[in-house]
Amino acid sequence: MNDSSKDALAAVNALLRGRRTLKQALMDPERPVPAEVLAAMFENANQAPTHGLTEPWRFRVFAGESRSMLAAGLRELYEKTTPESDFRADKHAKLGETPLQAALVIAICLHRQDSGKIPEHEEIAAVACAVQNMHLTASAVGLGAKWSSPPVCFTPEMNAWLGLRPQDRCLGLFYVGWPREGVDFPESPRHPVAEKVTWR
Ligand SMILES: Cc1cc2nc3c(=O)[nH]c(=O)nc-3n(C[C@H](O)[C@H](O)[C@H](O)COP(=O)(O)O)c2cc1C
């Protein structure tokens, strides 16, 4: 390998291995995310691979005041969609608090192709690639992010609330914000990759 390949590999290793999920409670909701960073996050998401070039990712962004609208909406959806026997006051309360802990919250959505030619699992995979691109872009500048998947996201009521069609999907919420002062990104150890790779 030549020096420039070594440098490129070192840079990508550092970015990928340094990406960590940051809980929204550790984010500073007051510190704004620069427009330039957000634009790069979305543009890089848009570069994700996709079978058949369907580009199925869609993002609904809640920033500033609209986070309160999301918080109220999530609580209401939880009330509507949770059977009485499963209802938990702590979960209900949390749904109304978490959107206000981040600088912005992005609903991760999947826009289903009308033809349905590409299987849904491939479209979900493509959206996940887009989210990873967003997360890595955020990480590159020290911005925290977390993909969260509360069950309420996977209900028809959530689709209606977000203005999605019944065949589309909400795959979760992506919290974005700078780490609060003094907060370090957590460790997230992995089992050795050798356990997961088999050569035939
Ligand atoms: C599809 C998906 C859904 C996730 N949902 C949640 C969630 O509901 N709550 C949560 O705390 N973390 C959630 N996470 C984040 C994981 O907890 C996190 O990625 C994991 O702990 C590994 O940490 P790392 O991202 O720092 O490597 C989700 C991640 C993915 C990819």
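Could you go through the stretch 64-81 and let me know if any residue there is among the aromatic types (Phe, Trp, Tyr), within 16 Å of the ligand (Cβ to nearest atom) and either in contact with a His (Cβ under 7 Å, 6 or more places away or on another chain) or under 24 Å from residue 160 (Cα atoms) (or both). Yes, the stretch 64-81 has at least one match. Can you pull out every residue in the stretch 145-164 that is within 11 Å of the ligand (Cβ to nearest atom) and surrounded by fewer than 14 Cβ atoms within 10 Å (Cβ to Cβ)? Selection gives 149, 151. Condition first: touching a Lys or Arg at 6+ places or on another chain (Cβ under 9 Å) and part of a loop (DSSP other than H, G, I, E, B). Now tell me which residues in the stretch 1-30 satisfy that. Scanning the stretch 1-30 gives 21, 22, 23, 29. Out of the residues in the stretch 93-103 that are without any contact (Cβ under 8 Å) to a residue 60 or more places away in the chain and under 15 Å from residue 148 (Cα atoms), which is surrounded by the fewest Cβ atoms within 10 Å (Cβ to Cβ)? Result: 97. The number of residues in the stretch 1-57 that are more than 16 Å from the ligand (Cβ to nearest atom) and in contact with a Cys (Cβ under 7 Å, 6 or more places away or on another chain) comes to 1. Scanning the stretch 41-63 for residues that are touching a strand residue (DSSP E or B) at 6+ places or on another chain (Cβ under 9 Å), in a loop (DSSP other than H, G, I, E, B) and crowded, with 17+ Cβ neighbours inside 10 Å gives 48, 50, 56. Can we say residue 44 is of a type outside the set (D, E, K, R) and free of Cβ contacts under 8 Å to residues at least 24 places away in the same chain? Judged against the criteria, residue 44 is not a match.
Applying the condition of being outside any helix (DSSP H, G or I) and more than 26 Å from residue 91 (Cβ to Cβ) to the stretch 132-144 and asking which residue is farthest from the ligand (Cβ to nearest atom) yields 141.
Which of the residues belonging to the stretch 121-146 are free of Cβ contacts under 8 Å to residues at least 40 places away in the same chain and farther than 16 Å from residue 48 by Cβ? The answer is 142, and nothing else.
One line per residue, one yes/no per condition, for (1) touching a Gly at 6+ places or on another chain (Cβ under 8 Å); (2) outside any loop (DSSP other than H, G, I, E, B); (3) within 14 Å of the ligand (Cβ to nearest atom):
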| residue | (1), (2), (3) |
| --- | --- |
| 102 | yes, no, yes |
| 128 | no, yes, yes |
| 177 | yes, yes, no |
| 190 | no, no, yes |
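Residues of the stretch 73-92 that are surrounded by fewer than 13 Cβ atoms within 10 Å (Cβ to Cβ) and not charged (D, E, K, R): 83, 85, 87, 89. Restricting 70, 38, 95, 74 to residues that are touching a strand residue (DSSP E or B) at 6+ places or on another chain (Cβ under 7 Å) and either of a type in the set (Gly, Ala, Ser) or not in a strand (DSSP E or B) (or both) narrows the list to 70. The residue pairs whose first member lies in the stretch 176-191 and is within 28 Å of residue 59 (Cα to Cα), whose second member is acidic (Asp, Glu) and away from the ligand (no atom under 13 Å from the Cβ), and whose beta carbons are closer than 8 Å, counting only pairs six or more residues apart or on different chains, are 177/28; 178/28; 179/28; 180/28.
Any read-out appearing in this document is the output of simple, stated calculations on the displayed coordinates, not a laboratory observation. Values in this document were obtained by computation on a predicted structure and should not be read as measured data. Ideal geometry is used to build each Cβ from the backbone, glycine not excepted, and the neighbour counts take in all protein chains shown.
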